[in-house]
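Taken together, the values in this text are just the output of simple stated rules run on the coordinates, not laboratory data. If you're wondering where the values come from, they're calculated on a predicted model, not measured in any experiment. FYI the Cβ positions are ideal-geometry reconstructions off the backbone, even for glycines, and counts take in every protein chain you see.
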Amino acid sequence: MAELLVVRHGQASFGADNYDKLSEVGHEQSRLAGQALRDAGWVPDRLVTGTLERQKETLRSMGFDAAPEEHPGFNEYDFHDLLNVRFNGDVPPAVKGERKTHFRTLRETLLDWQEGGCVGAKESWADFSGRIAAAMAFATDTTARRVLVVSSGGVIGQLVATALQAPKPMMMELNLQIKNTSMTRFVFSGSRFFVSEFNATPHLAPQERAGLLTYS
């Protein structure tokens, strides 16, 4: 079987006007992730990202020089849009700026979205899950034996939940656990794919790198 390694992007710019850029910590996380793969002798022969800048910046900082392919199915759900729909365009300041409040509210919103809530959002849950399935089919329709994808936490949570045939709410439980630049490994053959490793961060394991472990 071939391998598909899905890496979550490095730390983005939480609270900034433009979230879709890596922080300095995000660039360092990405550099270390790429070095760890090369040290382990795992060099991809196909590269894929979504179209988000934080995903593309992650791959560049990982140090793999080949031109990547892009598939928008690997993009994250639009959490700003979902929160705006839930709060009718008036998102409370605490939801925007306090991490604990933000992620608690986001979890509640996502669970409602999965059950048909957030009517009027740019993307329905069915559309989100459908495009991820299409992105996975794109990434695994290949003769490559090692495929590296840089994506986002919600996408990775949905891919793992799908592979495990888990109930819909499990996607969000997984999403909230996924660390920046963590590695989730699948093995695949044709349209069949299985989880072989989840949310691994060997490049951040040394004690002196504890401060580089982030979730947003």
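How tilted is helix 24-39 with respect to the longest principal axis of the chain? Cα atoms for both, answer in degrees (0 to 90, nearest 10).
30 degrees
Would you compute, from DSSP H runs of 4+ residues alone, the mean residue ellipticity of the chain at 222 nm, taking -39500 (n - 2.57) per run and dividing by the full residue count, rounded to the nearest 500?
Mean residue ellipticity, 222 nm, calculated: -12500 deg cm²/dmol.
Please give, to one decimal in nm, the separation of the simple spin-label points placed at THR101 and ALA210, each 7 Å out from Cα toward the Cβ.
It works out to 3.0 nm between the two label points.
Using every alpha carbon pair in region 58-171, what percent of pairs falls into each 10 Å bin from 0 up to the bin containing the largest distance?
Reading the bins upward from 0: 12, 38, 31, 16, 2.
With a/c under 1.5 counting as rounded, go ahead and sort the chain into rounded, prolate or oblate using the C-alpha gyration tensor (a ≥ b ≥ c being the square roots of the eigenvalues; past the cut-off, prolate if a/b is larger than b/c, else oblate).
It comes out oblate by the Cα gyration axes.
Among LYS56/LYS179; LYS21/LYS56; LYS56/LYS100, which pairs are too far apart, with a Cα-Cα distance over 20 Å? Intermediate results must be reported in sequence, preceding the final value.
Working: LYS56/LYS179 17 Å; LYS21/LYS56 9 Å; LYS56/LYS100 27 Å.
LYS56/LYS100, as the Cα separations exceed 20 Å there.
For the chain, what is the percent of antiparallel DSSP beta bridges, rounded to the nearest 5?
Restricted to the chain, the bridges split so that about 50 percent are antiparallel.
Between GLU70 and VAL119, what's the calculated FRET efficiency when r is the beta-carbon distance and R0 is 25 Å? Round to 0.05.
0.25
With the crude spin-label approximation of a point 7 Å out along Cα→Cβ, what separation in nm comes out for VAL91 versus THR51?
2.1 nm
Would you list LEU47, LEU110 from fewest to most Cβ contacts within 10 Å?
Ranked by crowding around the Cβ, least crowded first: LEU47, LEU110.
Using a ≥ b ≥ c from the Cα gyration tensor of region 78-122 (square roots of the eigenvalues), is it rounded, prolate or oblate, where a/c under 1.5 gives rounded and otherwise the larger of a/b and b/c decides, a/b for prolate?
It is oblate, given that a/c is not under 1.5 and a/b is not larger than b/c.
Which ordering of TRP42, TRP125, TRP113 is given by a fewest-first count of other beta-carbon atoms within 10 Å? Write out the running numbers ahead of the final one.
Details: TRP42 14, TRP125 20, TRP113 23.
Least to most surrounded, the residues fall as TRP42, TRP125, TRP113.
Give me VAL160, VAL150 ranked fewest to most by other Cβ atoms within 10 Å of their Cβ, as a rough exposure proxy.
VAL160, VAL150
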